[in-house]
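What follows is a set of notes on a single structure, which appears directly below.
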Amino acid sequence: MRTIATRTGDDGSTSLLYGQRVSKDHPQIEAVGAFDELNVAIGSVKPHLIPDGDDAATSALLTAVQKNLVALMGELACAESDGARYLASKFERIASDDITRLDQAVAALEGKGLKFDGWATPGTNARAAAFDGARTTARRAERRLTALPATGRSVRPELRQFINRLSDLLWLLARESEQ
């Protein structure tokens, strides 16, 4: 039987996508971890939705976003030296269509005339709080992503655009949930 406990990380290291070993606190691992936390935070919103009712479109959008996050984490888990290999692979990547989908969702929410004034105070209800929790996790992931070029790891512009739009979307979904 296969086990998840490889013990190869007992020394404080872990593997990037194609096998290069790095410290578990390496900036790329920090970024991947932040996006993993975001994936979980978005998943924690889903029990507050009614997938067969009014929330069907939101539920489908969040599931698509979670799949995008898995692709994004894969790309971030690749060493800079393996970037061309990754781009030539069959792995999914964030594309302009994924950003457009978020832009459209943001525009649709803004078109509803949501009421908000000033700084949000999360906690009006459990659903809004879950969206706000996901939003703050998205902003942390965005900060980790933004820090990578200073460490020598390039980041495609689409990744920065995606996470920025996603943070905006989560903020709007929280405000909609409050109303």
| Residue in the range 82-101 that is under 30 Å from GLY19 (Cβ atoms), touching a residue at least 24 places away in the same chain (Cβ under 8 Å) and among the β-branched types (Val, Ile, Thr) present | yes
| request: Only residues that are charged (D, E, K, R) and either in a helix (DSSP H, G or I) or surrounded by fewer than 18 Cβ atoms within 10 Å (Cβ to Cβ) (or both): list them for the range 150-170, please. | output: ARG156, GLU158, ARG160, ARG165, ASP168
| note | Here the qualifying pairs (Cβ atoms under 6 Å; residues six or more apart or on different chains; first in the range 55-78 and under 14 Å from LEU170 (Cβ atoms); second among the aromatic types (Phe, Trp, Tyr)) come out as LEU69/PHE35
| In this structure, does THR137 turn out to be under 14 Å from the mean Cα position of the chain (by Cα) and under 20 Å from ALA31 (Cα atoms)? | yes
| query | Just wondering, is there one or more residues in the range 130-141 that are in contact with a Leu (Cβ under 6 Å, 6 or more places away or on another chain), of a type in the set (A, V, I, L, M, F, W, C), closer than 28 Å to GLY83 by Cβ and not in a helix (DSSP H, G or I)? | reply | no
| task | Tell me, yes or no, whether the range 37-58 has at least one residue that is more than 20 Å from ARG165 (Cβ to Cβ), touching a helix residue (DSSP H, G or I) at 6+ places or on another chain (Cβ under 6 Å), among the acidic types (Asp, Glu) and not in a loop (DSSP other than H, G, I, E, B). | result | no
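Bear in mind these aren't lab numbers, they're just calculated from the coordinates by the rules spelled out. Every value quoted in this text rests on a predicted model; they were computed, and no experiment measured them. Because the Cβ atoms are built from the backbone with ideal geometry, glycine has one as well, and the counts that use them run over all protein chains shown.
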